[in-house]
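Comments concern the structure below.
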Amino acid sequence: MRTGTIGRGLGLATALSALLTGFSMAPAPAGRAAPDPAPAAVAAPAAFTHPGVLVSRPQLDFVREKVRAGAQPWKGAYDQMMASKYASLTRTAKPRAVVECGSYSNPNYGCTDEREDAIAAYTLSLAWYITQDSRYAAKAVELMDAWSAVIKDHTNSNAPLQTGWAGSSWPRAAEIIKYTYSSWPNSGRFATMLRNVYLPKVINGSNSNGNWELSMTEAAIGISVFLEDRTSYDKAVAKFRGRVPAYIYLTSDGALPKAAPGSGLDTRDKIINYWQGQSTFMDGLSQETCRDLTHTGYGLSAISHIAETSRIQGQDLYPEIADRLRHALGLHAKYQLGAAVPSSLCGGSLKDNLGPVTEVGFNALHNRMGIAMTNTQTLTEQRRPAGTDNLFVAWETLTHANNPG
């Protein structure tokens, strides 16, 4: 396991910046998204929307209609999902009372099993909704019940990240099953598991690399929705609002990136060290770009997932992060597509691969908000159907490609 694992009236400078980062801007209905506005504190919804973690009922209905019509790219994405090991009706859960995860999967006592059972539960819940074949729902219930009957804790150095990854997938599955399937007698026990085993490990965040805290916050948001826990939801949103500006740089931040509240990054040297030694900053650079693109992808994915869930819950966080997210997706997509990396960026060399992480953010920013994102669009469409990273990202071409819901 890895350790980290808009508008009209643009000025010349902004247009040039957009050009240099590899994508252009198009008019958006509400005008250009301002970076990091300071809106009044937004409380959790008075009534939570269900299913409402990453995917909503209207989004699920859209997907089912497209798959049944044989429309692309959804049918191809569905076929990919159904051919995966995660859709198997013969899967046997492998729960453990204590999941112990060290750095880089050393040791790995239940870490892979837990993550993959959680992805399988989500996969099966999607298969259930699309096919209406109750065998898939029953298998998802079987996996969730197996874990909720056994697990007590996560331990060792990667425990917070492991809890974040598995804790991001479980609520997606649970939301679909609880609110669209007729029989889950142990749903209360599953909720108790999320409240007692997962939420305490993720709700307070982490000052480790940003993808850790973002994945942990994603889990906290999803769990809060399932539990209808308004206090935890608000705490997770506040953590998200502090972390995103500290993870993605904009030139409007000034000479140095922002620091997350409580990080202790109070000098230039500390900040540069935290940003992997990078001392030249540009729109869309992430705190982990110079570490590698894979960990950066984890962070960008979690940001998109959190914003997507917030939108379903009626408190759309996309407008306040739109500038950061569209620049980050565009910058990294540009180099994934083969553009030469300048010496001023990570010494002229970028490592690894973003992974299947662009669909959710691209759909929200491009299709819903009207932002033209040339490089992100090219990369997203080129890599369809997006599969799974076997950690916490799964089947997002199926669920979010051109999905207006």
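The values are calculated or read from the model by the stated rules, or taken from the named source; none is laboratory data. Because the structure is a prediction, the values reported are computed rather than measured. Cβ coordinates were reconstructed from backbone atoms using ideal geometry, including for glycine residues, and neighbour counts include every protein chain displayed. We work out accessible area using only protein heavy atoms, side chains counted, and drop any ligands, DNA or RNA first. Shrake-Rupley method; radii C 1.70, N 1.55, O 1.52, S 1.80 Å.
Failed condition for Asn353, given (1) surrounded by 19 or more Cβ atoms within 10 Å (Cβ to Cβ); (2) part of a loop (DSSP other than H, G, I, E, B), with all others met?
(1)
Report, ordered by the first and then the second residue, all pairs with beta carbons closer than 7 Å, sequence separation of six or more or different chains, a first member in segment 80-97 that is within 23 Å of Met193 (Cβ to Cβ), and a second member that is in a loop (DSSP other than H, G, I, E, B) and open to solvent by 60 Å² or more (accessible area, probe 1.4 Å).
Ala97/Lys152
Quick check: anything in segment 247-259 hydroxyl-bearing (Ser, Thr, Tyr), farther than 16 Å from Pro171 by Cβ and outside any helix (DSSP H, G or I)?
Yes: one or more hits.
For (1) over 29 Å from Asn207 (Cα atoms); (2) open to solvent by less than 30 Å² (accessible area, probe 1.4 Å); (3) modelled with pLDDT under 95; (4) part of a loop (DSSP other than H, G, I, E, B), each residue gets a yes or a no:
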residue	(1), (2), (3), (4)
Val141	yes, yes, no, no
Trp165	no, yes, no, no
Lys178	yes, no, no, no
Pro185	yes, no, no, yes
Gly188	yes, no, no, no
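Being farther than 14 Å from Ser310 by Cβ and either modelled with pLDDT under 95 or among the polar types (S, T, N, Q) (or both): is that true of Thr231 here?
On the way: farther than 14 Å from Ser310 by Cβ: yes; either modelled with pLDDT under 95 or among the polar types (S, T, N, Q) (or both): yes.
Criteria met by Thr231.
From the list Glu65, Glu114, Glu100, which one is open to solvent by 50 Å² or more (accessible area, probe 1.4 Å), in contact with a strand residue (DSSP E or B) (Cβ under 9 Å, 6 or more places away or on another chain) and of a type outside the set (Ser, Thr, Tyr)?
Matching residue, one of Glu65, Glu114, Glu100: Glu100.
How about segment 356-394: which of its residues are open to solvent by less than 10 Å² (accessible area, probe 1.4 Å), assigned to a loop (DSSP other than H, G, I, E, B) and β-branched (Val, Ile, Thr)?
Of everything in segment 356-394, those that are open to solvent by less than 10 Å² (accessible area, probe 1.4 Å), assigned to a loop (DSSP other than H, G, I, E, B) and β-branched (Val, Ile, Thr) turn out to be Val357, Ile371, Val393.
I'm checking my understanding of the structure. Among residues of segment 395-405 that are in contact with a strand residue (DSSP E or B) (Cβ under 7 Å, 6 or more places away or on another chain) and on the phi < 0 side of the Ramachandran plot, which one is most open to solvent (accessible area, probe 1.4 Å)?
Of all residues in segment 395-405, those in contact with a strand residue (DSSP E or B) (Cβ under 7 Å, 6 or more places away or on another chain) come to 395, 399, 405.
Among the residues that remain, those that are also on the phi < 0 side of the Ramachandran plot are: 399, 405.
On the way: Thr399: 4, Gly405: 24 Å².
In this case the residue turns out to be Gly405.
Please specify each residue of segment 190-206 satisfying the condition of being out of contact with any Pro (no Cβ under 6 Å at 6 or more places or on another chain) and in a helix (DSSP H, G or I).
Phe190, Ala191, Thr192, Met193, Leu194, Arg195, Asn196, Val197, Tyr198, Leu199, Pro200, Val202
With the structure loaded, tell me whether Ile303 is among the β-branched types (Val, Ile, Thr), in a helix (DSSP H, G or I), farther than 18 Å from Thr380 by Cα and modelled with pLDDT of 95 or more or whether it fails that test.
no
Evaluate the following for Pro73: is it crowded, with 17+ Cβ neighbours inside 10 Å and over 23 Å from the mean Cα position of the chain (by Cα)?
No, not satisfied.
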